[in-house]
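Here's the structure, in structure tokens; my notes come after.
Laboratory data are not the source of any read-out in this text; all were calculated from the coordinates shown. Keep in mind that what you see is a predicted model, and the values were worked out from it rather than measured. Cβ atoms come from the backbone with ideal geometry, glycine included; neighbour counts cover every protein chain shown.
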Amino acid sequence: MRNLLSSLALGISLFVLSSGLAFADGKIEVSDARLRLLPGDVPAAGYFKLHNGTDEPIKLVGAHTGAYKKVMMHMSMEKDGMAEMHAVPEIDVAPGEDFEFAPSGYHLMFMKRSALLQYGDKVTVMLKVEGQRDVPVNFKVVSPADM
Ligand SMILES: [Cu+2]
């Protein structure tokens, strides 16, 4: 009984601690990060969801990784029935807001692969946020069929 009570108390204090941290020491959180790998030297696309858990607006200004020589932020849009892509120099995310990089919308474009990659691999990508330290994110390498 005492064990149960103390583990219960521990559980509660951990819960309080973690929710307290989320409020007091907010951070930038990234989830569902995946890199869609295509055969050959075709550029790969990166998708993820970013949550600005800080109390300041943040400005995403790019990304870099050891696995590709060049990474750009792109936006896809349809024009006259044709898919087009534009480079996006920066993306603002207000405090508490989410921003999603998703198929048919914003994506990271990975060009000139410099490492051999296989489906299931993890690729570390550094997201560049103006005025802050780079945010390291592990992207899972997936096939287009898994998207
Ligand atoms: Cu693109």
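Tabulated data for the structure shown
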| quantity | calculated |
| --- | --- |
| The stretch 71-82 - phi-based ³J(HN,Hα) in whole Hz, Karplus 6.51/-1.76/1.60, Gly and Pro as x | 10, 10, 8, 10, 10, 8, 8, 9, 9, 6, x, 10 |
| Extension gain, ASP98 back to MET85 (0.36 nm per residue minus Cα-Cα distance, nm) | 2.5 nm |
| Candidate aspartates and glutamates for bridging to LYS112, where Cα separation is under 19 Å - those fewer than 8 sequence places away on the same chain excluded | ASP41, ASP121 |
| Debye, to nearest 20: dipole size of the stretch 25-146, +1 on Lys, Arg Cβ, -1 on Asp, Glu Cβ | 680 debye |
| Length-normalised contact order of the stretch 25-146 in % [C-alpha pairs under 8 Å, at least 6 apart] | 33 percent |
| Proximal lysines to LYS27, defined as alpha-carbon separation beneath 30 angstrom and excluding residues fewer than eight positions away on the same chain | LYS49, LYS59, LYS69, LYS70, LYS122, LYS128, LYS140 |
